[in-house]
1. Can you tell me how much longer the chain between residue 184 and residue 210 gets when fully stretched, taken as 0.36 nm per residue apart minus their C-alpha distance, in nm with one decimal?
2. What is the gain in length, in nm to one decimal, between residue 162 and residue 139 on full extension, counting 0.36 nm per residue of separation less the C-alpha to C-alpha distance?
3. Compute the FRET efficiency between residue 100 and residue 120 as 1/(1 + (r/R0)^6), taking r as their Cβ-Cβ distance and R0 = 25 Å, and round to the nearest 0.05.
4. Taking a point 7 angstrom from the Cα of residue 151 along the C-beta vector, which residues in segment 95-117 have backbone N less than 17 Å away?
5. Does segment 142-212 classify as rounded, prolate or oblate by the C-alpha gyration tensor (a ≥ b ≥ c root eigenvalues; a/c under 1.5 gives rounded; else a/b over b/c gives prolate, otherwise oblate)?
6. Stick to Cα atoms and the Kirkwood definition of Rh, then tell me Rg/Rh for segment 61-154.
7. Given Cα pairs under 8 Å that are at least 6 residues apart, what percent is the relative contact order of segment 47-92?
8. Among 82-91, 54-63, what's the highest-first ranking by average C-beta atoms within 10 angstrom per residue?
């Protein structure tokens, strides 16, 4: 990790900071969970849980290094959620899961100009996220309670860790100041703190950006 930040510092000092671009970016994401646990009698099992969907928005700072190679650190806010409504004997059971986080990617990208103002590019690099809130709420009827049923980051002994590290890869198209991209993120850390269980998440995202 220290070598990565040293490389970024060198890029800032020697790689044409005057040509750097600030971009405002946003888009939609789907989070896919893989839960693995060990239960009596059943042994080890794997459950690919219901996907969570949401959005992200933030800024990046693209620094040219050499030729078509550049590096883009950024900071983003992301919101993911999933809701259900199930009719049962005594009414309608509602559930809602919500996660909010800050993401800090450092993405190396390489672009090739295919015509005037049009460039194809690929990108990869690490993305560190820190969870702000992670809650689950259930209720009967139409009135959602003000407080969540479970706060997974709260208390003296939280159920989930707030830090995660992803490896990101993707590709896109830049048309003058507009940027369109599609990417995939693989989570490396186990999020749950429960014994004999692991939960890892991967993200699929599509985004659009505008270079200022």
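1. Extra length from residue 184 to residue 210 when fully extended: 7.3 nm.
2. Working: separation 23, 0.36 × 23 = 8.28 nm, distance 2.58 nm.
So the chain would gain 5.7 nm between residue 162 and residue 139.
3. After rounding to 0.05, the efficiency reads 0.15.
4. 97-101
5. Oblate, because a/c is 1.5 or more while a/b does not exceed b/c.
6. 1.27
7. Numbers: 47 pairs, mean separation 17.5, N = 46.
Answer for segment 47-92 is 38 percent.
8. Descending mean neighbour count gives 54-63, 82-91.
Bear in mind that the values in this text are calculations on the coordinates, not laboratory data. Here the structure is a predicted model, which means the values were calculated and not measured. Glycine also receives a Cβ, built like all others from the backbone with ideal geometry; neighbour counts cover every protein chain displayed.
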